[in-house]
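Report on one structure; see the data block that follows.
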Amino acid sequence: MLTNSDLVELTEFRRALHMKPEVSGEEAETAAAIVAELEKLSPARILTKLGGHGVAAVFDSGVDGPTVLFRAELDALPIEELSENPWKSQVQGKGHLCGHDGHMTMLLALGRLLKRKPIAKGRVVLMFQPAEEDGSGARAVVADPAYADIAPDWAFAIHNEPGRPFGYVSTRIGLINCASQGLVIRLTGKTSHAANPEDGISPSLAVAELLPALSALGQGGDLDDAFKLATITHVQIGEPSFGISPGGAVIYVTLRTAYDEPMENMLKAARSLVLDAAQKFDLNAAFETCDEFAASINDADATNVAIAAMNAIGIANGDDGLPMRASEDFGVFGWSAKAAMLCLGPGEDHAALHNPDYDFPDDLIPVGAAIFERIAHDLLG
Ligand SMILES: [Zn+2]
Ligand SMILES: [Zn+2]
């Protein structure tokens, strides 16, 4: 059980993290702060620099048994925070607006509980992964050779999800978060004087044709197995000037599918639309892919373990609002472990994730920690 002093200290720690947000791939100071806290909990091992700035702490019973991993994320967002709170972000243009500061703190709370009441068999891994927001972190952690030593049999994560009542959890067996993929399209022609556009090769008409064509690749609608959505997120043609007929264009499009397999085809279809348009208008086309998120799919056994744990400690739960269109890179941990993601409500009227006025509610820290603690002891005694 967390004491009043625990809650005071954990809240202080969460707010300190909140004031110093670091974005994906740059989480050096956050990782150092986590290591300093973990050292106080005397785990068997602390691993650092996992897949970037990732940190893991291993609590080992010394008795044979399964390994259970609990995951939090280190990174913040490149968004300016709007807040009157004394713990408002002190870094211009960056903010912990997805609640990862709270998720990290829930894991440290679990560490305190495990120190007081150790597991009877197997191991617990507290995993603080880097770069969740751009979809690169979980893959990098799992691909890190050091991960083999801590590869879990079970993996669990809690993400706070506004729109749900405070302390209520949604989860389900199967799809939780869609697969998604960013595609950057660069079209290159030739600039010319705006008075003589016929002397150049402008990408304007190709872009005008591509925007509706790319959007038509996926129109959203119900989130069933065939779900597809293409969202144009950025377009630039030439430079802001009146004297130049443009010689280049950039289009950003985010492709989204329910599962990983249809993504391949959607990506192929997008590329072929662009190549056709490039040929028609005599342009060169180049592609870049980024922010590649696998679908996040809950294993049946892991979901049932989590539901039993929540029922045992009186946490209301159901499957409302699932699956979600938004992506989450936790799915990668489920490639080699029985994994389940739980969506914990911060209150129905709470600001949405990635909004400038979002802040993680500290009162969720003991709720998340209690769910994790019960899962750990249910699986490991
Ligand atoms: Zn986020
Ligand atoms: Zn998040």
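Between the Cα long axis of helix 28-39 and the first principal axis of the chain there is an angle of about 10°, rounded to the nearest 10. A straight line joining the Cα centroids of segment 247-282 and segment 25-52 runs 40 Å. Applying a DSSP loop filter and a limit of 15 other Cβ atoms within 10 Å to the trypsin sites (Lys or Arg not before Pro) in segment 1-64 leaves Lys40.
In terms of its alpha-carbon gyration tensor, segment 1-84 comes out oblate; a/c meets the 1.5 threshold, while b/c is at least as large as a/b.
The simple spin-label model puts a point 7 Å past each Cα toward its Cβ; for Ser215 and Lys40 those points are separated by 5.2 nm. Per residue, the accessible area of the chain comes to 42 Å², computed with a 1.4 Å probe over protein heavy atoms only. Overall, the accessible surface of the chain at a probe of 1.4 angstrom is composed of carbon and sulfur to the extent of 52 percent.
Electrostatic tally near Trp154: other residues with Cβ closer than 9 Å to its Cβ, Lys and Arg +1, Asp and Glu -1, net -2. Please name which of Ala308, Ala339, Met266 has its Cα lying farthest along the dipole of segment 242-378 towards the positive end, using unit charges on Cβ (Lys, Arg +1; Asp, Glu -1) and the Cα centre as origin. Positive-end residue among those listed: Met266. Packing around the peptides 219-227, 151-159, 269-277, taken as the average count of other Cβ atoms within 10 Å per residue, puts them in this order, highest first: 151-159, 269-277, 219-227. Computed with the Debye formula from one identical point scatterer per Cα of the chain, without solvent, the log10 of I(q)/I(0) at q = 0.07, 0.08, 0.12, 0.14 Å⁻¹ comes to -0.36, -0.46, -0.91, -1.15. For the chain, the longest principal axis of the alpha carbon atoms and the long axis of helix 4-19 meet at an angle near 20°. Panel note: the C-alpha atoms of segment 179-293, placed on their principal axes, show extents of 51, 24, 22 Å (largest first). Coupling constants for segment 106-119 follow from the phi torsions by the Karplus curve (6.51 cos²θ - 1.76 cosθ + 1.60, θ = phi - 60°), and in residue order they are 4, 5, 5, 5, 4, x, 4, 5, 6, 5, 6, 10, x, 6 Hz; glycine and proline get x. Each residue of segment 282-294 was assigned a 3J(HN,Hα) from its phi angle through the Karplus curve 6.51 cos²θ - 1.76 cosθ + 1.60 (θ = phi - 60°); the sequence is 6, 10, 8, 10, 9, 10, 9, 10, 8, 6, 8, 10, 6 Hz, with glycine and proline shown as x. Once the GluC sites (Glu not before Pro) in DSSP loops with at most 15 neighbouring Cβ atoms within 10 Å are cut out of the chain, the longest remaining piece is 85-347.
The values are calculated or read from the model by the stated rules, or taken from the named source; none is laboratory data. Treat the numbers as computed from the prediction; the structure is a model and nothing was measured. Cβ: placed from backbone, ideal geometry, glycine included. Neighbour counts: every protein chain shown. Heads up: the accessible areas ignore ligands, DNA and RNA and are worked out on the full protein's heavy atoms, side chains in. Shrake-Rupley method; radii C 1.70, N 1.55, O 1.52, S 1.80 Å.
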